[in-house]
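Heads up, the thing below is written out as structure tokens.
Any read-out appearing in this document is the output of simple, stated calculations on the displayed coordinates, not a laboratory observation. This is a predicted model, so every value here is computed, not measured. Please note: Cβ atoms are built from the backbone with ideal geometry, for glycine as well, and neighbour counts cover all protein chains shown.
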Amino acid sequence: MQALAAELGRPERAFRSVHVAGTNGKGSVVAMVERALTAAGHRTGRYTSPHLVDITERFAVNGHPIGRPALEAAVSDVRAAVDRLLSRGRLQASPTFFEVTTAIAFEVFRAEPVDVAVIEVGLGGRFDATNIITPVAGAIVSIAFDHERHLGSTLGQIGGEKGGIAKPGIPLVVGALPPEALHAIERVRSEAGAPPLVHAEDAVGLDGLDAGRARVLVRSQLWPGLPVLPLSLLGRHQVANAAVAVRLLEVLSRHGVRMGADAVARGLTEARWPARLEWLRTPDGELLIDAAHNPAGAEALASYLHDAGRAPLPVVLAAMQDKDVDGMVRPLASVASRFVATGVATPRAFAPEALASRIAAAAPGTPVSSVPDARAAIDDALARDRRAVAAGSIYFIGPLRARLIESGAVPI
């Protein structure tokens, strides 16, 4: 990445940036921070992964995915740079897909040009392709078990990898983290020469819940007097994400990225993040879709359904083979009237029958069936109930959401 960025003329230095890492919640924090920055009048870039349907979703300017011409221009520049590096022997192999998309993001944001780019870490932090940036500030939203093959089998190891985004002199905001992970991040932070960690837990308090939507009170010295705000993103877990977003916005404001209280409020109340606890109204009923692809995500989904008074409901589930399916199914069993296992068109995914067997073992007593086609699985779930849930891999949720919207479903 360093070689590719240098060959491109260091596009990542053409704008200010914000770096967001974490196991869960980083996309929500990115959405809140980006919306606040845009509301404050800054021209923003947003780089996230993976995309739901179209690759242009990964690269947003002022909250909107870029057009094909902008993407094609950036791809052409990056391809030419890679070819030059390979021909000179500076690179021994072609960059990975994620390395290329990261370089494309930097090229797009330089060309636009944006004032501030909110950059989501792809995987981990220390060796992530995005970690060549020198941001105004960074954040680690949460630490939980996921991607253990790459990041380690303990929370301390995972925390150490994600803490690798720490850099000399750059403030780092942390959410409510397990002590083992926090200790590892503190060690990495100190070794990197970063300032003391900025803790976010007390930045936002829960005032109440309305059908699973949190009302919050912001506690900020910069923006005192904000009224109680309804978060736009559903689930009580979004309170912790909002706290990280507020502390991150405070740090940015103190470092020259100015904004007022109204912009902060709009970031919390207007942020949108599709396919994360998103209700769709379909011709056959209402469907809650959520890319809950690990145990922590499944726990947040179950908590929302309990808080909203919507449980039990049929749960359609698809998952990759490298995921902790048992850890996902256990919390979902408390809100599932039945499970429908379905598939995803990738060799990494569980076959529906195999997934159904795993679900049956993890949730004895809860009816389980398997329906290979995802759309048919949704039809099955809504055949006897007017509401259902679709959860699991984003490679399942993204294409499913597109198919449903094409056939007349609308976000509620």
Subject >> DSSP beta bridges in the chain [antiparallel fraction, %, rounded to 5] >> reply: 40
Original post:
Given the Cα atoms of the chain, and with Rh set as the inverse mean 1/r over their pairs in the Kirkwood sense, what is Rg to Rh to two decimals?
Top reply: 0.96
Original post:
Which trypsin sites (Lys or Arg not before Pro) does region 1-90 hold that lie in a coil by DSSP with at most 16 other beta carbons within 10 Å?
Top reply: R43, R90
**OP:** Would you please state the base-10 log of I(q)/I(0) at q = 0.17 1/Å for region 316-412, with intensities from the Debye formula using one equal scatterer on every alpha carbon?
**Re:** -0.69
**OP:** Pull out the extension gain between S334 and R79, defined as 0.36 nm times the separation in residues minus the alpha carbon to alpha carbon distance; nm, one decimal.
**Re:** 86.9 nm
Original post:
If the chain between R187 and A376 were fully stretched, how many nm would it gain, using 0.36 nm times the residue separation less the Cα-Cα distance?
Top reply: 63.1 nm
Original post:
At R13 and R68, where each label point lies 7 Å from the Cα along Cα→Cβ, what is the point-to-point distance in nanometres?
Top reply: 3.6
Original post:
Assuming R0 = 35 Å, what is the FRET efficiency of D322 and L222, from their Cβ-Cβ distance, to the nearest 0.05?
Top reply: 0.25
**OP:** Could you tell me how many degrees, from 0 to 90 and to the nearest 10, lie between the Cα long axis of helix 238-254 and the main elongation axis, the longest principal axis, of the Cα atoms of the chain?
**Re:** 10
Original post:
To the nearest 10 degrees, how steeply does helix 97-111 sit against the main Cα axis of the chain, on a 0 to 90 scale?
Top reply: 60
Subject >> Residue-averaged 222 nm ellipticity for the chain, from DSSP H runs of 4+ at -39500 (n - 2.57), nearest 500 >> reply: -12500 deg cm²/dmol
